[in-house]
Amino acid sequence: MKAGVFVVALVALMGCAVPLAYAQPGVVYNYTIHVDFFAYSCSLSISEVSLYDASGVVMGAGSSPYGEEIAISFTTSSPMSVLTATAVGLATWSSYSWSVNGSNSITLGNAGDYWVTVRMNQA
């Protein structure tokens, strides 16, 4: 008899736990995009990057005062297929400086770390 009460109580508890499992939020996709810059025979500074999805929505942004790699992390509720990194900055050589910009697109998978290099050209 005691075993029967125990089984009934266990089934009742399991019945309460099942809806809680279905109430969990959806899948989250975490991305980290590492952006490097490239410019011929000059150094870069004040580089700013924006990341856009295929529809043109800004997914993240970052800056690097010394033109070094920028890592931008963001989260989405659905996987992404293509991302475009657009960068602006300042190139210097000797005592000269000029504005530069560039962009590059990458193909993404479900989630994770991705690397992209942006070639900077005179603006």
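Any read-out appearing in this document is the output of simple, stated calculations on the displayed coordinates, not a laboratory observation. Because the structure is a prediction, the values reported are computed rather than measured. Using ideal geometry, Cβ is built from the backbone for each residue, glycine included, and neighbour counts are taken over all protein chains shown.
Within region 74-85, restricting attention to residues that are buried (at least 16 other Cβ atoms within 10 Å of the Cβ) and out of contact with any Asp or Glu (no Cβ under 9 Å at 6 or more places or on another chain), the residue that is farthest from Gly26 (Cα to Cα) is Ala85.
Just so you know, in region 41-53 the residues that are within 17 Å of Thr92 (Cα to Cα) and polar (S, T, N, Q) include one that is surrounded by the fewest Cβ atoms within 10 Å (Cβ to Cβ), and it is Ser41. All conditions but one from (1) surrounded by 16 or more Cβ atoms within 10 Å (Cβ to Cβ); (2) under 15 Å from Asn121 (Cβ atoms) apply to Phe38; the one that does not is (1).
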